[in-house]
Amino acid sequence: MTPPATAGRTGGPPVLAEVDLDTAPESSPSHRRPLLAAATVVAVLTLVAAAALRSEVSGPPAPPAPAVTAWVSLRSVAPAADGTAATADLVVTVANHGSGDRTVSGLAVGGPRSAGAAMTLEPPRTDTRGATSGTLPLVVPAAGTGLLAAREPLACSGKSGSGSDLDVRLTLDGGDVVTAVPVGALAGADGVCAAVRTATPDGAASPVDVVSARFSGRTAQLRVSGLPAGATVLGVGAGGWVVPLLDGATGTAGPATPRTLTLGRPVQSCEDTGSRGVVPVGLQLRVSEGGPPVTRYADVGPDLVRWLVDARAATCDGAG
């Protein structure tokens, strides 16, 4: 190893010469500026492209959710005898998604099937799962729901509609208007008018009066008035059920004199639920009155329902 060089020959302490062999010559700043500028441009372009891609994928921001929503359903239909008009009982549910109470001050029902102004009723006596209910004005609590019932006259003659039959709108405090979304039967192509036709039994336009009805296990006796003298009952049905006529097909008395019809156990396919999808409460009498046969309707009531259900159980469950 070569000893370090000394600064002189006078015998004083040696002075070492330090040389940094690892340090490279510093680059000129003028050489780095183009590289920094290019890197900055690339970074900015990358951020812009990423923001544009995120915007394309996510789309525009969603609008704020409405503070109050509502929907309307059909509770029941009372059809007219001719089947072209009816009265619908509607249930309107109002949901308040806000943090403060809201008041429903008005209810309007319109549309091609409406035949006049709706009448606000007491709410339905059903399980509302904590919903408040009442007549107008109705206060709907924050984060709660409320119920309103309305009775609406309908006009169902003419061509079938498309979409909702009824336009139900609620007026809230502050002048806000909320349109109730139709659900269930009201959401169909012909909505409430289809429900009217389903609820209207055959022969309802030509009814007979039921004086009395008595049911036993296999037979029933039905006393009706309103059939002309000499009219012949050709057959009896119950919304798709076949009911055998055992006696009383022909009578000589006039319309004011009750006629007694003796009926046998109803017959129905075990896979069939009836032409209207419900257990009927009335009978169809196929009657010859001197001209072409006509169908007359006898509104019997819930005792007929029980008789039909028992007959179905006896037939389909093998009970008898």
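No lab work stands behind these numbers, since they all come straight from the coordinates. In this text, all values refer to a predicted model and were calculated from it rather than measured experimentally. As a convention, Cβ positions derive from the backbone with ideal geometry for all residues, glycine included, and neighbour counts pool all protein chains shown.
Worth a mention:
- Coupling constants for region 210-220 follow from the phi torsions by the Karplus curve (6.51 cos²θ - 1.76 cosθ + 1.60, θ = phi - 60°), and in residue order they are 8, 7, 7, 9, 10, 10, 10, x, 10, 10, 8 Hz; glycine and proline get x.
- Rounded to the nearest 20 debye, dipole of region 207-316 from Cβ charges on Lys, Arg, Asp, Glu: 140
- Amide H to amide H distances under 5 Å link G240 with S275, where only residues 5 or more positions off or on other chains count and H is placed in the peptide plane.
- Calculated P(r) of region 207-316 - Cα pairs past 17 Å, %: 49
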